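The values are calculated or read from the model by the stated rules, or taken from the named source; none is laboratory data. These figures come from a predicted structure and were not determined experimentally. All Cβ positions, even for glycine, are placed from backbone atoms using ideal geometry, and neighbour counts span all protein chains on display. For accessibility, only protein heavy atoms count, side chains too; no ligands or nucleic acids. Shrake-Rupley method; radii C 1.70, N 1.55, O 1.52, S 1.80 Å.
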Amino acid sequence: MLSVRFWGVRGSIPCPGSATVVYGGNTACLEIRADDRLVILDLGTGVKPLGDWLMAEELKKGPIDTDIFISHTHWDHIMGFPMFTPLFIPSTKLRIRGPVPFEDDTLESIIGAQLSYRYWPVRQTELAAKIVYDQIRETVLDLGDGLKVTTKFLNHPISCLGYRFEYQGKSIVTCYDHEPFRNLFPTDPGLPGYDEYAALEGEQAAKDENAKVINFFKGADVLIRDTQYTAAEYNEHLGWGHSSYEDSLASASAAGIKKLIFFHHDPNRTDAQLVELEKVYCARAAHAGVEAMMAREGLIIEA
């Protein structure tokens, strides 16, 4: 069985409080299960309750030995790492993989910089767990036991990867902190700097890149998608690296997705607002032949 459990569903910044208790206020953290095999995706603040749960329920079965994948290194996706309790258990083994924004940086230095005295009372060198870091780009990884992971670069202000997990004929795909590719060249002949050839090339390049993303989704049982904005909000946030509900629905329909999960909620959204958005966009999805739902902490979805 391949499944996903949500421990953090927010984007940008944690938003605890009385207005976010239904969907949750932690930033991105997913638990992927391939039968008993555990994989963690992103180290947002949701990894704190996940770590506590692992200590209470999993450690008694044996040492925690897991793969962790990072979509990208923006702080909301790594800030929970210092609070992940299994780090302080000597038997813990972690393999952390993800992209880096610049070749001079390392994944270890970016994540580990949080564990310095200026930010945190425990340094990375003082952690008890055995940790191996691996910087990855677009690739296909065989994790053993029949679990395969394929990665795809997304469109975000820094290097960001989507992940496709495949196990026993089932698949779960993640695509968040992603903005649809668009033509960056002027298309109006009246604008300064207009170049007809560049405009046409830019249009084709954006079309090709968006087609690659759809192909990455193709036929997935579950697609977890960035829906930080509505279409109207997105037009006010061009270049911020996030998607709209409308784009997510269109891409899911084009790719033949079975289940679409709206994810990476704007931190300013209240539970009441998300309830209304869920009604509207789940109805639109059903009309398009796609089953859709809003991600919330604690939700478990089987592929």
Two decimals is fine: what is log10 I(q)/I(0) at q = 0.07, 0.10, 0.11 Å⁻¹ for region 2-302, from a Debye sum with one equal scatterer on every Cα and no solvent? -0.27, -0.55, -0.67
Taking a probe of 1.4 Å and leaving out DNA, RNA and ligands, region 2-302 shows per residue an accessible area in Å² of 45 Å²
Quick one, could you list the DSSP H helices from the chain stretching 20 Å or more along their long axis (Cα atoms) with average Kyte-Doolittle hydropathy of -0.5 or above? 196-217, 271-287
Taking θ = phi - 60°, what integer Hz values does the Karplus form 6.51 cos²θ - 1.76 cosθ + 1.60 yield along region 67-82, in sequence order, with x for Gly and Pro? 9, 10, 10, 10, 5, 6, 9, 4, 4, 5, 9, 10, 5, x, 3, x
When the accessible area of the chain is split by element with a 1.4 Å probe, what percent falls to carbon and sulfur? 54 percent
So what is the 222 nm mean residue ellipticity for the chain from helices alone, if each DSSP H run of at least 4 adds -39500 (n - 2.57) and you divide by all residues, rounding to the nearest 500 deg cm²/dmol? -6500 deg cm²/dmol
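Would you mind telling me the antiparallel percentage of the DSSP bridges in region 2-302, rounded to 5? Mind showing how you got there, number by number?
Working: 30 of 60 bridges.
That works out to approximately 50 percent antiparallel.
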Could you pull the Cα extents of region 25-141 along its three principal axes, largest to smallest, in whole Å? 40, 37, 30
Could you give the nm distance between label points at R182 and R137, where each point is 7 Å from its Cα heading toward the beta carbon? 2.8 nm
Quick one: of K207/K258; K48/K130; K61/K130; K170/K258; K48/K152, which pairs are farther than 21 Å apart, Cα to Cα? K207/K258; K48/K152
Using the Karplus curve 6.51 cos²θ - 1.76 cosθ + 1.60 with θ = phi - 60°, work out ³J(HN,Hα) for each residue of region 106-120 in order, rounded to whole Hz, and write x for Gly and Pro. 10, 4, 5, 5, 5, 5, x, 4, 5, 9, 9, 4, 5, 10, 8
